[in-house]
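What follows is a short report on a single structure.
The values are calculated or read from the model by the stated rules, or taken from the named source; none is laboratory data. Fair warning: this is a prediction, and the values are worked out from it, not measured in the lab. Please note: Cβ atoms are built from the backbone with ideal geometry, for glycine as well, and neighbour counts cover all protein chains shown.
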Amino acid sequence: MRIFGARQVLWRSFCTVASHPLRVCIVGSGPAGFYTAEKILKTHQGSQVDIIDRIPTPYGLNVINQFSRVAQNERCSFFGNIALGSSVSLMEPRELYHVVVLAYGAESDRVLGIPGEDLKGVHSAREFVWWYNGHPDGRNLDPDLKNMDTAVILGMPGNVALDVARILLRPTSELATTDIASHALTALEQNSIRKVYLVGRHGPVQAACTVKELREVLGIKDLCIHIKEADLKITPADEEEMGNSRIHRRIYELLSKAATARPSQPSSGQRELHFVFFRQPDRFLESYDKKGYVSGVNLEKTALKGVGSGKQIAIGTGQFENLSCGIVLKSIGYKSVAVDGLPFDDRKGVVPNVKGRVVSDNSGDPTSLENGLYVCGWLKRGPRGIIATNLYCAEETVAGVSEDVEQGVLAPKLGRDGLLGIMDERNVRVVAFSGWERIDKEEKRKGCLRRVNPERN
Ligand SMILES: Cc1cc2nc3c(=O)[nH]c(=O)nc-3n(C[C@H](O)[C@H](O)[C@H](O)COP(=O)(O)OP(=O)(O)OC[C@H]3O[C@@H](n4cnc5c(N)ncnc54)[C@H](O)[C@@H]3O)c2cc1C
Ligand SMILES: NC(=O)c1ccc[n+]([C@@H]2O[C@H](COP(=O)([O-])OP(=O)(O)OC[C@H]3O[C@@H](n4cnc5c(N)ncnc54)[C@H](OP(=O)(O)O)[C@@H]3O)[C@@H](O)[C@H]2O)c1
């Protein structure tokens with residue numbers, strides 16, 4: 001049902017004499033999917049909303065209990081274990097529902113494209129986060145954390161880089177009181193890493209992190225923090241950037257304070273966190289003794305160059321140095337992936353859209369829209385923003401849905417019954433919300449046992 005043409009003809013295919021309940025399928029149960037569901041349920045009385053996800057667990061990257069209220073709404077259903085692109089094609093829900101909203105996030109990674117990126121021991125931060133969060137696709141990562149004392153995290157300091165540093169540096173007695181996966185906790189308890197280097201191509205003024213997340217890392221118990229004084233020197237262009245952003249000023253102040261507040265020499269056995277600014281990765285180095293494994297990163301020093309409107313970019317200076325390590329975690333950003341038949345802007349890694357309405361091709365012609373197909377969240381905007389950003393994003397997308405629905409009378413659609421019929425024919429074991437709640441209860445019970453008696457798991 002791919003309709004090309006002006007907005008006026010968009011809902012033509014839905015126009016019949018009778019009106020039927022609005023049936024909506026949302027693909028992806030992260031914040032974008034749930035905010036969209038919540039808004040549609042509120043705005044469209046009588047509508048039925050089905051949220052599908054490729055994994056059995058709802059809520060996407062974060063565990064957010066605020067959404068269980070939405071999932072428990074009698075007009076809303078969650079069906080885990082249904083993957084768009086393999087369990088169902090894009091065409092199938094589009095035929096079964098009046099509206100399909102794609103909110104399936106960003107499940108791949110930006111790449112550096114430099115030599116050695118495929119060496120063993122070089123992982124993306126996404127894979128590492130999936131591993132310690134117990135994501136079904138992260139269980140097999142099994143990163144070697146034992147036979148080394150140094151880890152390098154590239155892409156500093158974005159918030160994901162800080163999350164990863166925190167996992168490597170926090171005492172495991174504290175991690176044991178969180179939701180960390182048991183297999184990750186066991187591996188971290190045996191880990192031999194003492195030094196973590198957070199490497200960024202810009203300076204402390206351009207850090208991409210937020211204050212709360214930086215504070216959490218700087219506040220890790222018994223950690224020795226290293227920041228070179230020379231890296232904290234600021235230029236008039238830096239001053240201008242800080243003048244334009246309170247967050248950037250606050251981050252700079254926190255880093256400056258951390259640089260002077262603690263002794264720079266670690267006491268015996270103390271863990272170290274090194275902030276390395278003005279360096280970009282040039283290539284990964286292969287170990288001499290362990291063929292195929294990473295043994296370090298060759299870094300190029302950078303300098304900042306103003307590009308107008310208060311922005312500065314990092315330029316290579318042609319000076320290089322090596323940083324030895326046993327593991328590298330690349331935290332340079334996530335990337336969305338396309339499914340068959342979906343218009344996709346490969347360069348930006350997003351579905352081309354006008355305020356959430358999917359544009360038929362990459363021409364950017366806003367009159368060429370896909371009938372009944374919408375997008376929300378990281379798949380719509382790119383991999384940026386916190387949970388709450390997806391609320392505004394969902395409001396915009398649902399405004400488009402509402403405007404379009406008002407223009408037509410809804411034809412009958414099979415919706416949920418049709419979808420579950422197809423899953424049944426394909427022997428897909430769908431996990432409903434109640435089924436997931438049972439699994440979650442059991443996992444929480446086991447988690448409690450671990451906290452009471454860490455030996456048990
Ligand atoms: C490591 C990390 C930590 C973060 N921590 C915080 C934080 O503490 N606080 C905060 O405010 N923000 C945080 N963020 C940002 C926040 O998580 C994002 O803004 C948000 O998750 C994006 O929402 P989304 O719904 O677009 O994508 P996601 O949350 O990624 O949800 C996408 C969903 O789609 C599903 N899916 C994927 N492919 C398919 C498919 N083919 N078929 C069906 N389903 C599919 C996925 O399983 C997933 O459930 C964090 C981000 C990261 C990467
Ligand atoms: N607790 C929270 O609220 C929380 C936790 C995690 C994530 N998040 C959010 O989730 C979003 C994604 O986070 P993120 O950390 O993945 O992304 P991010 O904030 O975009 O950070 C990515 C980092 O990678 C660097 N980078 C990109 N390309 C590079 C390259 N080729 N070489 C070297 N460095 C490169 C960037 O540096 P440059 O600036 O130099 O380009 C930047 O520091 C963000 O909006 C973040 O705030 C929030």
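Values computed for the structure shown
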quantity: Subset tally (residues that are part of a strand (DSSP E or B) and more than 24 Å from Gly408 (Cβ to Cβ)) for region 86-140; calculated: 7
quantity: Unique match (being small (Gly, Ala, Ser) and under 20 Å from Cys224 (Cα atoms)) among Ser256, Ser287, Ser295; calculated: Ser256
quantity: Tally, over region 207-230, of residues that are closer than 23 Å to Arg279 by Cβ, charged (D, E, K, R) and more than 14 Å from ligand 2 (Cβ to nearest atom); calculated: 2
quantity: Residue in region 90-107 that is surrounded by the most Cβ atoms within 10 Å (Cβ to Cβ), counting only those that are within 19 Å of Ile387 (Cα to Cα) and not aliphatic (A, V, I, L, M); calculated: Tyr104
quantity: Residue check, Asn322 part of a strand (DSSP E or B), away from ligand 2 (no atom under 16 Å from the Cβ) and either touching a strand residue (DSSP E or B) at 6+ places or on another chain (Cβ under 9 Å) or without any contact (Cβ under 8 Å) to a residue 40 or more places away in the chain (or both); calculated: yes
quantity: Residue within region 154-163 that is out of contact with any strand residue (DSSP E or B) (no Cβ under 7 Å at 6 or more places or on another chain) and away from ligand 2 (no atom under 16 Å from the Cβ) present; calculated: no
quantity: Leading residue by the ranking (farthest from Asp109 (Cα to Cα)) among those in region 164-204 that are β-branched (Val, Ile, Thr) and within 11 Å of ligand 2 (Cβ to nearest atom); calculated: Val199
quantity: Restricting region 217-233 to residues that are of a type outside the set (Val, Ile, Thr) and in contact with an Asp or Glu (Cβ under 9 Å, 6 or more places away or on another chain), the residue that is surrounded by the most Cβ atoms within 10 Å (Cβ to Cβ); calculated: Leu223
quantity: Checking Lys413 against (1) surrounded by 17 or more Cβ atoms within 10 Å (Cβ to Cβ); (2) modelled with pLDDT under 90, the condition it does not meet; calculated: (2)
quantity: Pairs, first at positive phi and free of Cβ contacts under 8 Å to residues at least 60 places away in the same chain in region 124-144, second assigned to a helix (DSSP H, G or I) and more than 15 Å from ligand 2 (Cβ to nearest atom), C-beta under 9 Å, six or more apart; calculated: Gly134/Ser182; Gly134/His183; Gly134/Ala184; Gly134/Glu443; Asp142/Trp131; Asp142/His183; Asp142/Ala187
quantity: Any hit, region 363-386, residues being surrounded by fewer than 19 Cβ atoms within 10 Å (Cβ to Cβ), within 14 Å of ligand 2 (Cβ to nearest atom) and among the β-branched types (Val, Ile, Thr); calculated: yes
quantity: Complete set of residues in region 320-342 that are over 19 Å from the mean Cα position of the chain (by Cα) and either modelled with pLDDT under 95 or within 16 Å of ligand 1 (Cβ to nearest atom) (or both); calculated: Asp340, Gly341, Leu342
quantity: Residues located in region 68-89, provided they are surrounded by fewer than 19 Cβ atoms within 10 Å (Cβ to Cβ), within 14 Å of ligand 1 (Cβ to nearest atom) and at negative phi; calculated: Ala83, Ser86, Ser87, Ser89
quantity: Top-ranked residue in region 195-215 [being more than 19 Å from Gly385 (Cβ to Cβ) and within 16 Å of ligand 1 (Cβ to nearest atom); ranked as surrounded by the most Cβ atoms within 10 Å (Cβ to Cβ)]; calculated: Leu198
quantity: Failed item in (1) within 30 Å of the chain's Cα centre (by Cα); (2) small (Gly, Ala, Ser); (3) closer than 21 Å to Asp149 by Cα, with Ser256 passing the rest; calculated: (3)
quantity: Residues being within 13 Å of Ser331 (Cα to Cα) and of a type in the set (S, T, N, Q) - total across region 148-196; calculated: 1
quantity: Residue, nearest to ligand 1 (Cβ to nearest atom), within region 242-253, restricted to residues that are surrounded by 18 or more Cβ atoms within 10 Å (Cβ to Cβ) and not β-branched (Val, Ile, Thr); calculated: His248
quantity: Flag if Leu304 is farther than 28 Å from Asp118 by Cα and in contact with a helix residue (DSSP H, G or I) (Cβ under 9 Å, 6 or more places away or on another chain); calculated: yes
quantity: Output for region 152-177, where each listed residue is over 16 Å from the mean Cα position of the chain (by Cα), β-branched (Val, Ile, Thr) and within 16 Å of ligand 1 (Cβ to nearest atom); calculated: Ile153, Ile167
